[in-house]
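The values are calculated or read from the model by the stated rules, or taken from the named source; none is laboratory data. Please read all numbers here as calculations on a predicted model, not as lab measurements. FYI the Cβ positions are ideal-geometry reconstructions off the backbone, even for glycines, and counts take in every protein chain you see.
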Amino acid sequence: MELKVALNRCHRFPSFVYQKSSFQDDEDIVNIEVRARRGSRPICSGCNRRGPTYDTAQAPRSFQFVPLWGYIVFLWYFMRRVDCRRCGVTVERVPWADGKNRTCNAFRLFLARWARRLSWSEVADIFCTNWGVVYRAISWVVAWGLAHRSLDGIEAIGVDEIAVWKGHKYLTVVYQIDQEARRLLWVGRERTEESLRGFFAALGTARAKLLRFVASDMWKPYLTVIAELASQAVHVLDRYHIVAKVNKAIDEVRASEARELAGRGYQPILKRTRWCFLKRQENLTPGQTEKLADILQYDLRTVRAYLLKEALHAFWEYTSPWWAGWYLDQWCTRALRSRLEPMKKVARTLRSHRDLILNWFVAKKEISCGTVEGMNTNAKLAIRKARGFRTYEVLETALYHELGHLPEPDFLTHRFC
Ligand SMILES: [Zn+2]
């Protein structure tokens, strides 16, 4: 069987014909010649309509194709120019690649699919290309997906921020968190009101009015924009963000107490105990459980903070918003009397957002609560996979590609991977 039989089966374009294929000297490169079918008229790249041929290039242009059996594959084609009635003389548009791109669309889709499973630099290495080609392939697939996706029927969204790089750089991300559809909807720079307004602009007013639940953290700019643009939705302060705040407070108490004990020359009993206090009891290792049981016997500020944290778990078990509210008030009073400044600060924050926190019990059955946390973890993984160039564009592309569940370019019938 000749190579062109396979090509005609997986990558066929009616106006073009595959010719000879050959190895390039003794390198691992296969070159395949392509020519226009006799009598066919080229397509103008300006207006996408066919016109008469003006002339044909003197030298062929190469397009990298999906590699085969460890060989790099190129298609070679003499580009024609079109004498277009509307646009003048233009270069023709070929169906296997876009614009001046030297990479076949099939190969770009191939790279982008692999980049979901491997890191981008691994994809570049394995398939004999470079990071830039992989990145541009993914950007193209993502741009196509964003242009062709549907934003209809979204009822629940989660707004979150992701810290990127050092020096307080943030991205604002918006997820769809409906039970049956979870995906990344939007990525914006910074975490300002403007960032989130960008999402609502993309969503459109009509769709924003159909939102039923919005989950977010207590970041003021988000609260303001949500109150203004999705006021009909039940706004929920996400459990995950509240637990994170309490954990941060415990960590502060523990760190300052450990320093103090060391300063006064006591035994370093709080050394290497960070995770004993932050993890849920059921997730502790046997060693950590033992260590924790030991520390709990001491009269320490950290222990009091820990007991407060454990008491807050019961809050989430309530089903009635009214009783949950009663419990929250009790907890806040206790925390405010604890003489632990970081815990008092948390209690004041929870008190001032009481209504939004209790909305969690209203929405409990309707939105899945671990979703924002899970998406956040996946987002960080996606960012890691794309490590290379440190620009916002790269991060945005990586996040959409990994978490956006975007539709893929559909003009190829054959799946190359
Ligand atoms: Zn034209």
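Please determine, by comparing only the residues of region 84-94 that are of a type outside the set (A, V, I, L, M) and buried (at least 16 other Cβ atoms within 10 Å of the Cβ), which one is nearest to the ligand (Cβ to nearest atom).
Here the answer is 84.
Which numbered condition in (1) surrounded by fewer than 16 Cβ atoms within 10 Å (Cβ to Cβ); (2) in contact with a helix residue (DSSP H, G or I) (Cβ under 9 Å, 6 or more places away or on another chain); (3) not hydrophobic (A, V, I, L, M, F, W, C) is the only one that residue 67 fails?
Failing condition for residue 67: (1).
Quick check: is even one residue across region 143-150 among the hydroxyl-bearing types (Ser, Thr, Tyr) and in contact with a Pro (Cβ under 9 Å, 6 or more places away or on another chain)?
Looking for residues that are among the hydroxyl-bearing types (Ser, Thr, Tyr) and in contact with a Pro (Cβ under 9 Å, 6 or more places away or on another chain), one finds at least one in region 143-150, hence yes.
Having 1 or more residues that are among the acidic types (Asp, Glu) and surrounded by 16 or more Cβ atoms within 10 Å (Cβ to Cβ) is the bar; report the strands (runs of 3 or more DSSP E) wholly within region 108-194 that clear it.
Per the criteria, 156-164, 169-178.
Would you mention how many residues in region 30-44 are surrounded by fewer than 19 Cβ atoms within 10 Å (Cβ to Cβ) and within 16 Å of the ligand (Cβ to nearest atom)?
Within region 30-44, residues that are surrounded by fewer than 19 Cβ atoms within 10 Å (Cβ to Cβ) and within 16 Å of the ligand (Cβ to nearest atom) number 1.
What is the number of the single condition among (1) more than 16 Å from the ligand (Cβ to nearest atom); (2) touching a Lys or Arg at 6+ places or on another chain (Cβ under 9 Å); (3) over 16 Å from residue 416 (Cα atoms) that residue 64 does not meet?
Of (1) more than 16 Å from the ligand (Cβ to nearest atom); (2) touching a Lys or Arg at 6+ places or on another chain (Cβ under 9 Å); (3) over 16 Å from residue 416 (Cα atoms), only one is false for residue 64: (3).
Taking the criterion of being within 23 Å of residue 245 (Cβ to Cβ), under 37 Å from the mean Cα position of the chain (by Cα) and not in a loop (DSSP other than H, G, I, E, B), would at least one residue in region 258-272 satisfy it?
no
Need pairs with beta-carbon distance below 9 Å; first residue of a type outside the set (S, T, N, Q) and within region 264-277, second surrounded by 10 or more Cβ atoms within 10 Å (Cβ to Cβ) and in a loop (DSSP other than H, G, I, E, B); sequence gap 6+ or separate chains.
269/298; 269/300; 270/300; 275/284; 275/285; 276/284
In this structure, is residue 171 touching a Phe, Trp or Tyr at 6+ places or on another chain (Cβ under 8 Å) and at pLDDT 95 or above?
The answer is no for residue 171.
Working carefully through the options 10, 47, find the one that is within 16 Å of the ligand (Cβ to nearest atom) and surrounded by 11 or more Cβ atoms within 10 Å (Cβ to Cβ).
The match here is 47.
Considering each of 18, 71, 77, 54 in turn, give the residue that is within 16 Å of the ligand (Cβ to nearest atom) and aromatic (Phe, Trp, Tyr).
Exactly one of 18, 71, 77, 54 is within 16 Å of the ligand (Cβ to nearest atom) and aromatic (Phe, Trp, Tyr), namely 54.
Listed here are the residues, each with its yes/no results for (1) farther than 24 Å from residue 246 by Cα; (2) surrounded by 17 or more Cβ atoms within 10 Å (Cβ to Cβ); (3) among the basic types (Lys, Arg).
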{"residue": "338", "(1), (2), (3)": "no, yes, no"}
{"residue": "343", "(1), (2), (3)": "no, yes, no"}
{"residue": "362", "(1), (2), (3)": "no, no, no"}
{"residue": "367", "(1), (2), (3)": "no, yes, no"}
{"residue": "405", "(1), (2), (3)": "yes, no, no"}
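Can you run down the residue pairs with Cβ atoms below 7 Å, 6 or more apart or on separate chains, where the first is in region 288-299 and part of a helix (DSSP H, G or I) and the partner is modelled with pLDDT under 80 and surrounded by 14 or more Cβ atoms within 10 Å (Cβ to Cβ)?
Listed by first residue and then by second, the contacts come to 295/269.
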